[in-house]
1. Go over the candidates A:150, A:116, A:75 one by one and state the one that is under 30 Å from residue A:290 (Cβ atoms), within 16 Å of the chain's Cα centre (by Cα) and open to solvent by 40 Å² or more (accessible area, probe 1.4 Å).
2. Mind counting the residues in segment A:350-364 that are open to solvent by 10 Å² or more (accessible area, probe 1.4 Å) and within 17 Å of the chain's Cα centre (by Cα)?
3. Looking at segment A:15-69, which of the residues that are without any contact (Cβ under 8 Å) to a residue 24 or more places away in the chain and farther than 13 Å from residue A:200 by Cβ is nearest to the ligand (Cβ to nearest atom)?
4. Taking only segment B:1-44 into account, find how many residues are modelled with pLDDT under 95 and among the basic types (Lys, Arg).
5. Of all helices (runs of 4 or more DSSP H) completely enclosed by segment A:82-179, which ones contain at least 3 residues that are within 25 Å of residue A:405 (Cα to Cα)?
6. Select from segment B:61-78 the residues that are open to solvent by less than 90 Å² (accessible area, probe 1.4 Å) and away from chain A (no Cβ under 12 Å) and list them in ascending order.
7. Read through the list (1) more than 16 Å from the ligand (Cβ to nearest atom); (2) open to solvent by 30 Å² or more (accessible area, probe 1.4 Å), then give the number of the only condition that residue A:95 fails.
8. Taking segment A:275-302 only, how many residues are aliphatic (A, V, I, L, M), within 18 Å of residue A:161 (Cβ to Cβ) and in contact with a strand residue (DSSP E or B) (Cβ under 7 Å, 6 or more places away or on another chain)?
Amino acid sequence: MQKYSIFNLIKNAFSGHQKWDLAWKDATPKKEYDVVIIGGGGHGLATAYYLAKEHNITNVAIIEKGWLGGGNMGRNTTIIRSNYMHDDNALFSEFGMDLWRKMSQDLNYNVMFSPRGIINLAHSDAQMNVFARRGNSMRLNGIDAVLLNREEVKEIIPMADFSDNVRFPIFGGLMQPSAGTARHDAVAWGYARQADSMGVDIIQNCEVTGFDVVGGKIQGVRTSRGDIKVKKIGLCVAGSTNILAEKLNMTIPVETHLLQACVTEPVKPVLDSVVTFGAGHFYISQSDKGEMVMGGDLDGYNSYAQRGNLPTLQHVLTEGIAMMPFLSKLKMLRTWGGIMDMSMDGSPIIDKTHIEGLYLNCGWCYGGFKATPASGWTFAHTIAQDRVHKLNEGYSLSRFNTGHLLDEKGLGTKTWIS
Amino acid sequence: MRSQNEFSYGGDATVKRPELNKEVSDKDWDNFVYNRKSLRGKHKELWQHISGCRQWIKVERDTATHEIFKTVKAHEDI
Ligand SMILES: Cc1cc2nc3c(=O)[nH]c(=O)nc-3n(C[C@H](O)[C@H](O)[C@H](O)COP(=O)(O)OP(=O)(O)OC[C@H]3O[C@@H](n4cnc5c(N)ncnc54)[C@H](O)[C@@H]3O)c2cc1C
């Protein structure tokens, strides 16, 4: 594989950048693999990469029904954080933060990781108390957390509405300074390029249509481009998990819902951290191009539409304008949606299943981008060793049955309001 | 035609609470509380006309196109 470096950049400038190697091959499916990963989003690509890198398993195919990174991986708002209270979530995410910090070097690909900090705003004394508790839990797990008072928040985001004459005045906020954003496409491309270079086949435009299960064991997978023999399958299809689960006669603690996001026209730098509104669902950051990137609530009912409806967008942006009134002056450039695998306790599932050779990775809700490296790393371990790693022990499928839920927000099972 | 804003979602209408005064297995509870098919295509679901007459209704809707095929009162079968 050609290394990306300043020297190679200069060298290739002489041939007008016409002689760079392709970043990855467009593979055609072979008859048989050791492992098939279904879904060429961030989690599938990262899993294949760590299977090859950490476990020396390279006879692997990633099967993607569309194009690489065209699902939620290319639709998210790229927030990366580990500001969780429960140990299982905190330790898993903080392990991921470490992988994020090293990612550009590790993949030899600039993923533009930008630890610009995230601030969750509080709008009441009670909310400040809750944030103090969460911040303390984070610090006990070695994660950075700072409780900011109103004046301190004002210094970082003076453009927010700090007048007293508002429905939800800003009391303060909880900040994780090491949180941030990254370029989502670059993450997908970086993992794809490295996985390909180690021998992984990336097969696009190939839909998985069924499974061969004999005597409770995986024997193969059926695709729109033929049958493939394989003993181990990793399912990484995010918002399509319910569809494939049905083909396996499984009902899972996941529902599929739609989440929208939008960006404004690009403007000069004004906001250098990620900010979330505390009295509803709204969050905002500014992209490197200058666009204000915004999102919030789910559309509120089961959906596979991959595009959203107006009422939710209107509602979310009303919150945004309440928080930062200058937004009302900006023009909206684009809106889009992605279909989310909403789990019943808001936490993911990375586990084996009752079918031998079938491994499940799903339930990412709207927070799976930040989990990409840690999810790939632990899922690769689970597949390669046929047992879960300590880091994903809490993300078991059986926790719903045994009552060991990981309900970070305490919202219960109405996934569409969470 | 009423605005979507007047309605609030109540989830999958096909899940049934296990019957009272009967032996109920953990699996039954699991299926009632957590496990969902979340179908792509025709989906039977509950909605409440919360900013209106407050009636609960059952709706059959396509989860990919949002086309609504049928609506009945909550206690009726679709
Ligand atoms: C609007 C929006 C904003 C978000 N914001 C954030 C954020 O700020 N921070 C954060 O951490 N997370 C965020 N997320 C969530 C995050 O994007 C997802 O949790 C994560 O991308 C899911 O993992 P993935 O990348 O592997 O999924 P995907 O990219 O969706 O990958 C799944 C792939 O499986 C493929 N597939 C499906 N069915 C089949 C089949 N039968 N055969 C073959 N292939 C199949 C799909 O085509 C798809 O490419 C957001 C999501 C959305 C939609």
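1. On inspection, the qualifying residue turns out to be A:75.
2. 1
3. Result: A:22.
4. Residues that pass the stated criteria total 5.
5. So the answer is A:87-107, A:125-140.
6. Within segment B:61-78, B:69, B:71, B:72, B:74, B:76, B:78 meet the criteria.
7. Unmet condition: (1).
8. 4
The values are calculated or read from the model by the stated rules, or taken from the named source; none is laboratory data. Everything numeric here is computed off the predicted structure, so don't read it as measured data. We place every Cβ from the backbone using ideal geometry, glycine too, and count neighbours over all the protein chains shown. We work out accessible area using only protein heavy atoms, side chains counted, and drop any ligands, DNA or RNA first. Shrake-Rupley method; radii C 1.70, N 1.55, O 1.52, S 1.80 Å.
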